[in-house]
Amino acid sequence: MHRETGAVLAPRNGPGGHGYLPHDLVHFLVEAEAGIKLGVYGRLAAGDNGMFWPAGRVERAKAARRRKSKRSRPSLQAKADMAMSEELAGIAVPVWEVRHGHARELPAYVTAGEIPPVVGRIVSRFDDYAHHWHTLPVGGSLTLTW
């Protein structure tokens, strides 16, 4: 991941082995469409490493030392934005999967509550990128701008 502020980042192992909508792409699209400023990608754009780490060995060591020396806590707004990002991702992915026949029904936690209107817009954004991701060759990339 290339960004204006901070080192080039590489993903860590984590959730997201979806053939059409990997977890990192989901968060990017959710946060961009919902206007979430301090979720995963807003923090990354501001220079935080978040769930990623610097791609270079030297930068990774520097980041580890900085992390140990200054244990910064996210603001209340950053925590709220991250929670909103997770909530919307947890709703939008199953809605997309049902819409495209990858699942037969929504999970109980989605059907038990109201689906926020922004989810429809998020799912439309998923439509724009899912096929591109699915057909991407190994080692290929998608470029998205925050």
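Which one is modelled with the highest pLDDT, of the residues in segment 1-39 that are within 23 Å of K62 (Cα to Cα) and not in a loop (DSSP other than H, G, I, E, B)?
L9
Go through segment 94-125 and count every residue that is within 16 Å of V26 (Cβ to Cβ) and assigned to a helix (DSSP H, G or I).
15
Looking only at residues in segment 71-93 that are among the small types (G, A, S) and farther than 17 Å from V30 by Cβ, which one is surrounded by the most Cβ atoms within 10 Å (Cβ to Cβ)?
Among them, the one singled out is S75.
Could you grab me the full set of residues in segment 99-123 that are at pLDDT 95 or above and aliphatic (A, V, I, L, M)?
V118, V119, I122, V123
Could you give every pair whose Cβ atoms fall below 8 Å, whose first residue belongs to segment 41-56 and is among the aromatic types (F, W, Y), and whose second residue is modelled with pLDDT of 65 or more, counting only separations of at least 6 or pairs across chains?
Once the first residue is among the aromatic types (F, W, Y) and sits in segment 41-56, its partners that are modelled with pLDDT of 65 or more give Y41/H27; Y41/F28; Y41/E31; Y41/A32; Y41/W146; F52/L44; W53/R60; W53/A63.
Test R104 against the stated conditions and say whether it is more than 13 Å from A92 (Cβ to Cβ) and in contact with a helix residue (DSSP H, G or I) (Cβ under 9 Å, 6 or more places away or on another chain).
So R104 fits the description; yes.
Restricting to segment 57-91, what's the tally of residues that are assigned to a loop (DSSP other than H, G, I, E, B), modelled with pLDDT of 70 or more and more than 30 Å from I115 (Cα to Cα)?
1
Looking at (1) surrounded by 11 or more Cβ atoms within 10 Å (Cβ to Cβ); (2) within 19 Å of the chain's Cα centre (by Cα), which one does L106 not meet, given that it meets all the others?
For L106, the exception is condition (2).
The values are calculated or read from the model by the stated rules, or taken from the named source; none is laboratory data. Remember, it's a predicted structure, so these values are computed and weren't measured experimentally. Neighbour counts run over all protein chains shown; Cβ positions are idealised from the backbone, glycine included.
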